[in-house]
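Here is the structure we will look at.
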Amino acid sequence: MDKTINFGPIKKLLDDPDISEIMINSFDKIFIEKNGKKIPAESVFKNVGELDALIESIFATHNKRIGQDYPYADLCLEDGTRINAIISPLSRFGSAVTFRKFSSKIKTLDDLVKLGMLNHKAADFLVACVKGKVNMILSGGTGVGKTTLLQMLSQYFAFDERVVTIEDAAELKISKDNVVSLETRLPDRDGRGEVTLRDLTKNALRMSPDRLIFGEIRGAEAVDMLQAMSMGNTGAIGIIHGNLPKEAMTRLESMVLMLGLNLSSLEIRKMISNTINLIVHVARLHDGNRRITHITEVRGMKNEEIFFNDLFTLQETNVAGRTLSELKSAFQYYPLFFSRLEEEGLVSANAFSI
């Protein structure tokens, strides 16, 4: 945490390792997420001015602009904490700030296995897909752990790969030396100098990347990601919001359609099915725990629709009156890329055994 900033009444909340999120709705209403549950916090700010001073200090320290001309902004602190702020009048009851903390307890993929996000069988399969440079999409809702999962998987990138990350607000911490982190830029007060995700993607292709990482796909940059994947940039990984793997791909199709290009829905689906190999879907369950619920192959086209092949799904069983959830193999077919991974010695047929 940045030692130069006075975080005031929320300092102890930021220091508490059991708190994963701090949600400031106004100076006198603060909520926290602890052990997967959202509860009110005892801490409050003295007045509106104290909260606004904190917001100004945080963003000014990191050379980010927030004010009446740009009343909302995002940034990421060095420890991985992600911050979003939105001020009045867009936030009717006063400035609102969200702190999403990166858990210091999670250092490796094995830690996610211990927390129950996935099991060893699924973890080994995902590691093989990363090493085998399978194009992958991580999907799920907000705050379910997609970025954390990506960071843990990035530990298996080859040491000699040049990795280029493309993000709106740089938050990915890739633990490799040969990494270039690209971040968008807002226009200045005169409306000049804006750099978009599309701009960064086009530039990244000129940087001889061995692996492209897209922090979040949510607009026009979707078509650039697909084009980058189709140009031989294998091993690309992107993050997208969606409630299920199929829905995430429908959103991706809609993003491309919104550009108004001379492409039909069928042509866009073909582009998606020819470039993306795997979807890993993460969700927050009713008990607050975050789990991988689907590992799904994008297998191609069938009857003019994208054909999905679930490889692992979260299945519930009742044991002694308790409902237990476990990620189990559910595949109809071995994935099309399986033989290549097998030839490279990255996976064997028992990868899908229960």
Indicate, rounded to the nearest 5 percent, the antiparallel portion of the DSSP beta bridges found entirely in the chain. 70
For labels at Asn63 and Thr196 in the simple 7 Å Cα→Cβ model, what's the distance in nm? 2.4
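Local charge sum around Glu33 (other residues, Cβ-Cβ under 14 Å, Lys/Arg +1, Asp/Glu -1)?
Working: positive: Lys34, Lys37, Lys38, Arg82, Arg100, Lys101, Arg284, Arg290; negative: Asp16, Asp18, Glu21, Asp287.
Every neighbour counted, the sum reads +4.
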Residue exposure sequence - Cys129, Cys76 - by fewest surrounding Cβ within 10 Å: Cys76, Cys129
Principal axes first, then extents: for the Cα atoms of segment 122-194, list largest minus smallest coordinate on each axis, whole Å, largest first. 51, 32, 19
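Starting from the exponent 0.38 and prefactor 2.2 Å, build the expected Rg for segment 6-56 from its residue count and divide its actual Cα Rg by it. Working shown, then result.
Working: Rg = 10.6 Å, N = 51, 2.2 N^0.38 = 9.8 Å.
That works out to 1.09 for segment 6-56.
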For Leu205, Leu13, ascending order of other Cβ atoms within 10 Å (fewest first) is Leu205, Leu13
Cα gyration tensor of segment 288-354, axes a ≥ b ≥ c as square roots of the eigenvalues: rounded (a/c below 1.5), prolate (a/b > b/c) or oblate? oblate
Checking Ile39, Ile306, Ile174 against a Gaussian network model of the chain (alpha-carbon springs below 10 Å), the top fluctuating residue turns out to be Ile39
What base-10 log of the normalised intensity I(q)/I(0) is obtained for segment 133-274 from the Debye formula, alpha carbons as equal point scatterers, at q = 0.09, 0.15, 0.16 Å⁻¹? -0.27, -0.75, -0.86
Let me see the pair-distance distribution of the chain: every alpha carbon pair, 20 Å bin width, integer percents in order. 28, 56, 16, 0
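How much net charge surrounds His281 when only other residues with a Cβ under 14 Å from its Cβ are counted (Lys, Arg +1; Asp, Glu -1)?
On the way: positive: Lys146, Lys246, Arg251, Arg284, Arg290, Arg291; negative: Glu247, Glu297, Asp310.
Every neighbour counted, the sum reads +3.
Every number here is computed from the coordinates shown, using simple stated rules; none is lab data. Since the structure is predicted, the reported quantities are computational estimates derived from the model, not experimental observations. Ideal geometry is used to build each Cβ from the backbone, glycine not excepted, and the neighbour counts take in all protein chains shown.
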